[in-house]
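**Student:** Here it is, the structure in full.
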């Protein structure tokens, strides 16, 4: 192999690694999105309920990010629970734990949904 072949091979490996990282980021963002959705759809959920919902109803998203080993999933979900999530609709950023408090009741979750709907309809009306 000459120097050009080696350089080309290194560049190809680097590009492949960058694509894998980009794909992993997309998968993680999908999990974060459904983790937020789970809180919104299940008002009053604490960590235990939320993590169970994710494992049971969003199994593929959880497995894609954390693998299938229960010993890895639960600690990883506990860490995710304390991470920030920026809601695309509202632009607000809180930990999943804090989002769960914001959606503590069905009325609170409905208020949030109405607020987002109203904000988006006002934005669309002004365009």
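**Student:** With the requirement that a residue be part of a helix (DSSP H, G or I) and touching a helix residue (DSSP H, G or I) at 6+ places or on another chain (Cβ under 9 Å), what does segment 76-91 give you?
**Tutor:** If the condition is that a residue be part of a helix (DSSP H, G or I) and touching a helix residue (DSSP H, G or I) at 6+ places or on another chain (Cβ under 9 Å), then 76, 77, 78, 80, 81 are the ones that fit.
**Student:** To continue, here is another question. Only one of (1) assigned to a helix (DSSP H, G or I); (2) touching a helix residue (DSSP H, G or I) at 6+ places or on another chain (Cβ under 6 Å); (3) touching a residue at least 24 places away in the same chain (Cβ under 8 Å) is not met by residue 38, so which one is it?
**Tutor:** (3)
**Student:** Hey, can you tell me all the residues within segment 75-85 that are farther than 14 Å from residue 99 by Cα and surrounded by 13 or more Cβ atoms within 10 Å (Cβ to Cβ)?
**Tutor:** Residues satisfying the conditions are 76, 77.
**Student:** Now a separate question. In segment 101-127, which residue that is within 18 Å of residue 33 (Cα to Cα) and touching a residue at least 24 places away in the same chain (Cβ under 8 Å) is surrounded by the most Cβ atoms within 10 Å (Cβ to Cβ)?
**Tutor:** By that ranking, first place goes to 103.
**Student:** Sticking with this one: Within segment 60-72, can you find the residues that are within 16 Å of residue 35 (Cα to Cα) and loosely packed, with under 12 Cβ neighbours inside 10 Å?
**Tutor:** Of everything in segment 60-72, just one residue is within 16 Å of residue 35 (Cα to Cα) and loosely packed, with under 12 Cβ neighbours inside 10 Å, namely 60.
**Student:** Let me ask you something else. Pairs only if they're at least six apart or on different chains, beta carbon under 7 angstrom, first in segment 85-97 and over 15 Å from residue 28 (Cα atoms), second assigned to a loop (DSSP other than H, G, I, E, B); list them, first residue then second.
**Tutor:** If the second residue must be assigned to a loop (DSSP other than H, G, I, E, B), the pairs left are 95/82; 95/83; 97/82.
**Student:** I've got another one for you. Suppose the filter is modelled with pLDDT of 95 or more and either part of a helix (DSSP H, G or I) or loosely packed, with under 13 Cβ neighbours inside 10 Å (or both); does residue 98 pass it?
**Tutor:** Considered against the rule, which asks whether it is modelled with pLDDT of 95 or more and either part of a helix (DSSP H, G or I) or loosely packed, with under 13 Cβ neighbours inside 10 Å (or both), residue 98 comes out as yes.
The values are calculated or read from the model by the stated rules, or taken from the named source; none is laboratory data. Treat the numbers as computed from the prediction; the structure is a model and nothing was measured. Please note: Cβ atoms are built from the backbone with ideal geometry, for glycine as well, and neighbour counts cover all protein chains shown.
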